[in-house]
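Q: First the structure, then my questions, so here it is.
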Amino acid sequence: MTAPLFPDLVINGETVPQAIIAQEAQNHDAPKDKPGLAWRKAANAIATRTLLLQEARRRGIAADPVEVGPGRFETEEEALIRGLLEQAIDIPDPDEETLRWEWARNPERFRSAPLWEVSHILIACDPRQPVATEVARQRAETLTTEALGNPRGFGRLAEAESDCGSKSSGGTLGQLGPGDTVPEFEAALRTLSEGEITAKPVLSRHGWHIIRMDAAAPTHVLPYETVRPKIAEAWEKAAWSRAAKAFLDQLVDKAEIVGATLKSDTKYARA
């Protein structure tokens, strides 16, 4: 009789069908020549879930699935696990001393986002078309030279040459912050000083940009009172993760597990 390719997964006497592990294995990366690695990862994930479900049922947990996204609800098993963790894990609110210490140990982590007032001239093209992109680049470089030679005429140049709707206002884009533009454009903004024009055109998916930094508001360290809610939220998440790990470790220590290896660094993420 041929031995199975992968061992059975048995948690406290409960055998998990291999079809369930095979389905879970599709969610785990592994080299194509090492299918056993994905299987082991899947077996560990299923073992963790099974332990939690067994404990939820032992405690008689009852939890109805809740909506976790637009039109998306928990499964019954996810609801049981959530109910178990809500009952088993109790995180006290952090005290003021703890939160102030967290802020004071490195206030530089809590800075305001930069604000930029920006104008630009766009020479539109599709970067996926090399010939058109090169033609646009040559035009953009010519306009860059003209803009650098007459910075005060930037607005008039934008009105005459830009392919962006902002040309009607002299290329002004108004006030921008991180995430408001495409990455290439934002990267250029972070290198410019107030009043400076990009020395070379900047390519994005929209085409070539000639950018002028009209004004820049520097970042500054935010006061404790402003960032307190953010610090408290981060502290609570970290504390919850530690408590969830400790709870799962207790279940692992008491369990009889065959076919999976749940190490002490096993973690369970908060939904």
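Q: Let me confirm something: among 123, 91, which residue is modelled with pLDDT of 95 or more and among the aliphatic types (A, V, I, L, M)?
A: Working: 91 fails: modelled with pLDDT of 95 or more.
Exactly one of 123, 91 is modelled with pLDDT of 95 or more and among the aliphatic types (A, V, I, L, M), namely 123.
Q: Could we say that residue 186 is over 29 Å from the mean Cα position of the chain (by Cα), within 19 Å of residue 116 (Cβ to Cβ) and of a type in the set (D, E, K, R) here? Give the derivation first.
A: Working: over 29 Å from the mean Cα position of the chain (by Cα): no; within 19 Å of residue 116 (Cβ to Cβ): yes; of a type in the set (D, E, K, R): yes.
No; evaluated as a whole, the condition is false for this residue.
Q: Follow-up question, since we're still on this one. Would you mind finding the one in 11, 89, 81 that is over 29 Å from residue 232 (Cβ atoms), hydrophobic (A, V, I, L, M, F, W, C) and touching a helix residue (DSSP H, G or I) at 6+ places or on another chain (Cβ under 9 Å)?
A: Details: 89 fails: over 29 Å from residue 232 (Cβ atoms); 81 fails: over 29 Å from residue 232 (Cβ atoms).
From the options 11, 89, 81, the qualifying one is 11.
Q: With the requirement that a residue be within 23 Å of residue 93 (Cβ to Cβ), loosely packed, with under 14 Cβ neighbours inside 10 Å and free of Cβ contacts under 8 Å to residues at least 24 places away in the same chain, what does the stretch 235-253 give you?
A: The answer is 238, 242, 246.
Q: List pairs: first residue in the stretch 173-193 and closer than 16 Å to residue 154 by Cβ, second residue in a helix (DSSP H, G or I) anywhere in the structure, Cβ distance under 9 angstrom, at least six positions apart or on different chains.
A: Pairs found: 173/166; 174/166.
Q: Same structure, new question: Looking for something at pLDDT below 90 and not aliphatic (A, V, I, L, M) - is there at least one such residue anywhere in the stretch 7-16? Explain how you work it out, then say what you get.
A: At the first step, the residues of the stretch 7-16 found to be at pLDDT below 90 are 7-8.
Okay, now just the ones that are also not aliphatic (A, V, I, L, M), so 7-8.
Yes, some residue in the stretch 7-16 is at pLDDT below 90 and not aliphatic (A, V, I, L, M).
So that you can scan it fast, the table gives a plain yes or no per residue for (1) part of a helix (DSSP H, G or I); (2) within 22 Å of residue 187 (Cα to Cα):
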position: 113; (1), (2): no, yes
position: 116; (1), (2): no, yes
position: 122; (1), (2): no, yes
position: 132; (1), (2): yes, no
position: 137; (1), (2): yes, yes
position: 143; (1), (2): yes, yes
position: 147; (1), (2): yes, yes
position: 152; (1), (2): yes, no
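Q: Need the failing condition index for residue 61 against (1) at pLDDT below 95; (2) surrounded by 13 or more Cβ atoms within 10 Å (Cβ to Cβ); (3) within 27 Å of residue 190 (Cβ to Cβ), just the number.
A: If we test residue 61 against (1) at pLDDT below 95; (2) surrounded by 13 or more Cβ atoms within 10 Å (Cβ to Cβ); (3) within 27 Å of residue 190 (Cβ to Cβ), just (3) comes out false.
The values are calculated or read from the model by the stated rules, or taken from the named source; none is laboratory data. Predicted model only: the values in this text are computed from it and were never measured. Virtual Cβ from ideal backbone geometry, glycine too; neighbours counted across all protein chains shown.
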